[in-house]
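The values are calculated or read from the model by the stated rules, or taken from the named source; none is laboratory data. Worth saying up front: this structure is predicted, and the values here are computed from it rather than measured. FYI the Cβ positions are ideal-geometry reconstructions off the backbone, even for glycines, and counts take in every protein chain you see. Please note that ligands, DNA and RNA were not included when accessible areas were found on the heavy atoms of the full protein model with its side chains. Shrake-Rupley method; radii C 1.70, N 1.55, O 1.52, S 1.80 Å.
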Amino acid sequence: MSARANILGKLRNSLEGTTPRPDEFDEHLVTEPWRYAPEDRVARLRSLMEAVHTEVHPCSSGSWPALVADLLARRNLTNLLCAPGTGHGRELRQHFLATGQPVTLLAYDQPVEAWKEDLFWNVGASLTGTLGAIAATGSLVLWPDRHEPRLMSLVPPVHIALLKASEIHDNLYDMMVSQDWAAGLPTNLLLVSGPSKTADIEQVLAYGAHGPRELIVLVLEDE
């Protein structure tokens, strides 16, 4: 018998004759203090996110591509990293082609090692979807996957995030239960409330030190 098998065997045998302790978790402790009327969720989320320098724009599900074009033009940005394999990526590409936008749409369609220089130094902005948001903390929830890898929201100086108003939940626990996270947790999940910031150097607050210096959230109102 190997040392590993011997150790595991001892651990299993140590449970013989014991009684499992009942689960004493009280979900009310992590939910009841953070309940909001449905019509107040967007306002609370916006207030908390704007307090940490996040730019929030309510818009309709049909107008957001034009708003993205306007946001890029205001910043003189000429390229945007997006995910052509997603519904919002296809919608954005169709709008830009139809309106002749002078913006190059880039895709994260190769290993990071193959284009690290361009990704870190030449991409001006990125656009990603979100899994939803949490009103209690003013946080976006991002669930990176093969279409929108984690670096899409961490590297470009400007990150534009799409959020459906109907997917804003009161608190994290409610969101986990509503979306049944227990059925398949991701390998990586991000909670984002604002642009990157640090005060490590002489206690002076600086933005963009470890990620995007701007976070822009487009809240898509229900039709």
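Of note:
- Filtered residue count, region 58-88, keeping only those that are open to solvent by 40 Å² or more (accessible area, probe 1.4 Å) and in a strand (DSSP E or B): 1
- When SER166, SER196 are checked against the criterion of being over 21 Å from HIS53 (Cα atoms) and in contact with a strand residue (DSSP E or B) (Cβ under 9 Å, 6 or more places away or on another chain), a single residue qualifies: SER166.
- Residue satisfying all of: in region 43-57; open to solvent by less than 30 Å² (accessible area, probe 1.4 Å) and not in a loop (DSSP other than H, G, I, E, B); farthest from LEU191 (Cα to Cα) among these: VAL56
- Members of region 28-42 found to be in a helix (DSSP H, G or I) and among the β-branched types (Val, Ile, Thr), listed by number: VAL30, VAL42
- Restricting region 97-141 to residues that are assigned to a strand (DSSP E or B) and small (Gly, Ala, Ser), the residue that is surrounded by the most Cβ atoms within 10 Å (Cβ to Cβ): ALA133
- Only listed residue being within 20 Å of LEU218 (Cβ to Cβ) and open to solvent by 60 Å² or more (accessible area, probe 1.4 Å), chosen from GLU91, GLU32: GLU91
- Evaluated against (1) hydrophobic (A, V, I, L, M, F, W, C); (2) surrounded by 13 or more Cβ atoms within 10 Å (Cβ to Cβ); (3) modelled with pLDDT under 95, VAL158 falls short on exactly one condition, (3).
- SER196 being under 22 Å from LEU72 (Cα atoms), open to solvent by less than 10 Å² (accessible area, probe 1.4 Å) and small (Gly, Ala, Ser): no
- Residue match in region 170-188 (condition: assigned to a strand (DSSP E or B), touching a residue at least 12 places away in the same chain (Cβ under 8 Å) and of a type outside the set (Val, Ile, Thr)): no
- Scanning region 72-97 for residues that are more than 19 Å from the chain's Cα centre (by Cα) and either modelled with pLDDT under 95 or aliphatic (A, V, I, L, M) (or both) turns up LEU72, ALA73, LEU77, LEU97.
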